[in-house]
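Here the structure comes first, spelled out in structure tokens, and everything after it is commentary.
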């Protein structure tokens, strides 16, 4: 049924059903897991750990889905894929363009931005450095 802020709205009183990004969502202290109803601190590492180990998610031993999203039915076997996915719920955009105010949820989106906007020099090197460690 979606994540917690979608059900109750944000702290400003605005409804968040449309998925719009409000400042209150990004400063949220915790999220609630749709599988176990536990509150999870908003720190990305805590969220990822919960997505990996939530005991209310039925995982079979031979399942390819190592991670199950706390806020929807999305699953993945890769940590970086789940990390990029949960940013849809948190609104976090940690990857900044070095030449303008653009920020992205994933390195792929930043790389696409740098190619389409001609900001390739500095950001291309950042992409190459970070991409080496992506396949965790």
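General remarks:
- Peptides 73-82, 87-96 ordered by packing proxy, namely the average of other Cβ atoms within 10 Å per residue, highest first: 87-96, 73-82.
- Considering all C-alpha pairs of region 46-115, those separated by over 13 Å amount to 66%.
- The calculated FRET efficiency for residue 101 paired with residue 81, based on their beta-carbon distance and R0 = 35 Å, is about 0.85.
Just so you know, all these numbers are worked out from the coordinates, no wet-lab data involved. All of these numbers come straight from a predicted model, not from anything done at the bench. Note that each Cβ is placed from the backbone with ideal geometry, even for glycine, and that neighbours are counted across all protein chains shown.
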